[in-house]
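Peer 1: Can you keep this structure in mind? I'll have questions shortly.
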């Protein structure tokens with residue numbers, strides 16, 4: 001199950017989204033706790049953190065399966081004629097962080113707020129947390145992506161830099 005290109009992709013997706021879920025949950029709950037009127041409401045609690053991490057991770061894995069953000073980043077770097085690995089890594093990481101932070105935060109805000117506050121509450125809460133979430137997600141992806149790729153490669157036995165599977169990561173694998 002965890003071998004080959006499919007195993008590599010699964011390990012990458014779940015690991016990256018678990019890490020994003022752990023960090024973005026802190027960002028979102030901290031911001032929401034600090035909203036005027038929320039100071040005394042127990043928003044950031046151990047149980048709410050656990051639920052937020054689970055929710056963000058599940059949403060992230062779902063989005064990661066649907067949207068090939070890593071490949072989009074590689075295509076953008078290619079269309080900008082960026083040749084060096086560091087430049088490609090910065091662009092790819094930004095696109096991945098942008099897509100995932102935007103998707104995770106919006107979908108989670110929708111799931112948590114639509115029923116009680118409607119789309120107005122969803123959008124206003126999302127605007128409040130989106131930029132700080134993106135600012136945290138980009139360096140997180142920038143640092144962890146090469147490490148996660150190495151881990152996924154060693155567990156799955158698949159190395160996209162060597163195996164060149166078209167459905168996987170193209171020709172790019174960042175150096176750790």
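The values are calculated or read from the model by the stated rules, or taken from the named source; none is laboratory data. None of the values given here were measured: they were computed from a predicted structure. A quick note on method: Cβ atoms are made from the backbone with ideal geometry, for glycine too, and the neighbour counts reach across all protein chains shown.
Peer 1: Among the residues of the stretch 44-73, what is the count of those that are more than 18 Å from residue 137 (Cα to Cα) and touching a residue at least 40 places away in the same chain (Cβ under 8 Å)?
Peer 2: 1
Peer 1: Kindly indicate the residue of the stretch 28-37 that is assigned to a helix (DSSP H, G or I) and touching a residue at least 12 places away in the same chain (Cβ under 8 Å) and also surrounded by the most Cβ atoms within 10 Å (Cβ to Cβ) among those meeting that condition.
Peer 2: Checked the stretch 28-37; the qualifying residue surrounded by the most Cβ atoms within 10 Å (Cβ to Cβ) is 28.
Peer 1: Name the pairs whose Cβ atoms lie under 9 Å apart, with the first residue in the stretch 108-126 and touching a residue at least 60 places away in the same chain (Cβ under 8 Å), the second in a helix (DSSP H, G or I) and surrounded by fewer than 15 Cβ atoms within 10 Å (Cβ to Cβ), and 6 or more positions between them or separate chains?
Peer 2: Going by the 9 Å Cβ cut-off, the qualifying pairs are 125/117.
Peer 1: While we're here: Only residues in the stretch 2-25 that are touching a residue at least 40 places away in the same chain (Cβ under 8 Å) count as the first member; pair them with residues that are crowded, with 17+ Cβ neighbours inside 10 Å and in a loop (DSSP other than H, G, I, E, B), Cβ under 7 angstrom, at least 6 apart or cross-chain, and list the lot.
Peer 2: Hits for this filter: 4/158; 5/158; 5/168; 7/158; 8/158; 8/168; 9/168.
Peer 1: Taking the residues in the stretch 69-82 that are touching a helix residue (DSSP H, G or I) at 6+ places or on another chain (Cβ under 9 Å) and outside any helix (DSSP H, G or I) as candidates, determine which candidate is modelled with the highest pLDDT.
Peer 2: Looking at the filtered set, the residue picked out is 80.
Peer 1: From 48, 25, which residue is over 17 Å from the mean Cα position of the chain (by Cα) and either outside any loop (DSSP other than H, G, I, E, B) or at pLDDT below 90 (or both)?
Peer 2: Testing whether each residue is over 17 Å from the mean Cα position of the chain (by Cα) and either outside any loop (DSSP other than H, G, I, E, B) or at pLDDT below 90 (or both) leaves just 48.
Peer 1: Suppose we filter 117, 64 for residues that are out of contact with any strand residue (DSSP E or B) (no Cβ under 7 Å at 6 or more places or on another chain), assigned to a helix (DSSP H, G or I) and at pLDDT below 90; which single one remains?
Peer 2: 117
Peer 1: Continuing with the same structure: Against the definition (out of contact with any helix residue (DSSP H, G or I) (no Cβ under 6 Å at 6 or more places or on another chain) and under 18 Å from residue 132 (Cβ atoms)), how does residue 102 come out, yes or no?
Peer 2: The answer is yes for residue 102.
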